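Have a look at the structure below, then the notes.
The values are calculated or read from the model by the stated rules, or taken from the named source; none is laboratory data. No experiment lies behind these values; they were computed from the predicted model shown. Quick reminder, even Gly has a Cβ in these numbers, built from the backbone with ideal geometry, and neighbours come from all protein chains shown. Note: accessible area is taken over every heavy atom of the protein model, side chains too, but ligands, DNA and RNA are not part of it. Shrake-Rupley method; radii C 1.70, N 1.55, O 1.52, S 1.80 Å.
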Amino acid sequence: LSMRDLQRARKKAVDLARLDVLTGLANRRAFFDSARHVQAAGALRGTHAVLYIDIDHFKMINDRHGHDAGDAVLKHFAEQLRACTRTEDFVARIGGEEFAVHVMNIEPAGLAAVAQGLLARMRSSVVEFDGESIRYTASIGGAIGTVALPVDKLLSLADKQLYSVKHDGRDGYSALDSRTPSTDAPVAAEHPKAYAIRRLAG
């Protein structure tokens with residue numbers, strides 16, 4: 001092989017190591033690497049946020065329709081997630097039926113709009129697989145912080161919000177703004193359990 005061929009092969013190997021092959025999204029490693037690089041490069045202005053997303057009752061989908069159908073749902077969800085996020089947002093599958101989005105320079109209302117748009121698409125979407133129509137929903141937790149807050153901390157905060165949504169019945173969104181003093185502030189939404197912006201004590 002020529003030196004150029006070797007370089008291409010190495011680049012391909014690196015790219016594959018950062019890729020979730022099934023969905024074509026970035027993987028967990030790439031998600032954290034990208035977020036840390038963006039922070040270190042000073043590309044953030046003011047805020048950044050994380051959406052932590054889990055497909056509801058995914059094991060039930062696998063058990064009822066088979067793992068190939070489950071893979072079709074994961075691919076479908078990845079497409080919907082791309083459609084609901086901006087080109088500058090970093091979207092990744094971080095494990096199983098769990099996905100994360102690193103969103104730069106955004107405020108709570110904007111983050112809620114992204115999450116609400118995704119939830120709306122899920123409620124109206126159908127995955128056609130092997131003669132069956134599969135409907136599914138998702139639960140979303142979000143967290144916003146200053147540029148100094150590490151992305152792993154944001155993901156941890158978003159995970160707690162995701163747990164809250166699951167506890168309340170799934171198919172909804174809850175987010176936390178880590179920048180402001182403690183005052184719960186629910187925000188009205190079309191869906192009764194769609195989202196609430198909760199504020200964390202400083």
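Calculate, in nm to one decimal, what Thr146 and His67 gain on full extension: separation in residues at 0.36 nm each, minus their alpha carbon distance.
Numbers: separation 79, 0.36 × 79 = 28.44 nm, distance 4.00 nm.
Gain in length upon complete extension: 24.4 nm.
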Discussion item. At 7 Å along Cα-to-Cβ for each site, give me the label-to-label distance between Ser156 and Arg121 in nm.
Written reply: 3.1
Fill in: Simple label model, 7 Å out from Cα along Cβ direction - Asp33 to Ser133, nm
4.2
Practice prompt. Under 10 Å from the Cβ of Lys166, count the other residues' Cβ atoms, weight Lys and Arg +1, Asp and Glu -1, and hand me the total.
Written response: -3
Discussion item. Under 4 °C and 1.567 mPa s, how fast does segment 51-151 diffuse according to Stokes-Einstein, given a Kirkwood radius computed over C-alpha pairs? Answer in µm²/s, whole number.
Written reply: 90
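For segment 57-188, which whole-number percentage of the solvent-accessible area (1.4 Å probe, protein heavy atoms only) is attributable to carbon and sulfur atoms? Show your work: numbers first, answer last.
Values: 3160 of 6140 Å².
Percent of accessible area from carbon and sulfur atoms in segment 57-188: 51.
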Worksheet item: Under 14 Å from the Cα of Lys59, which aspartates and glutamates turn up, not counting those fewer than eight places away in the same chain?
Response: Asp68, Asp71, Glu97, Glu98
Worksheet, complete the sentence: Diffing segment 21-29: the Karplus 3J(HN,Hα) column from phi (6.51, -1.76, 1.60, θ = phi - 60°), in whole Hz with x for Gly and Pro, holds 5, 5, 9, x, 7, 5, 9, 4, 4
Discussion item. Out of the GluC sites (Glu not before Pro) in segment 48-137, which ones are loop residues according to DSSP with at most 12 other C-beta atoms within 10 Å?
Written reply: Glu88
Worksheet item: Accessible area, 1.4 Å probe, largest first: how do Met60, Met122 sort?
Response: Met60, Met122
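In percent, how large is the relative contact order of segment 97-155, given Cα pairs closer than 8 Å and 6 or more residues apart? Spell out each step's value before the answer.
Details: 26 pairs, mean separation 14.4, N = 59.
Result for segment 97-155 is 24 percent.
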Worksheet, complete the sentence: Treating only Lys and Arg (+1) and Asp and Glu (-1) as charged, each at its beta carbon, one finds that segment 40-123 has a dipole about its Cα centre, in Debye to the nearest 20, of 200
Fill in: Spin-label model distance (nm) - Met60 vs Asn105, 7 Å beyond Cα toward Cβ
4.2
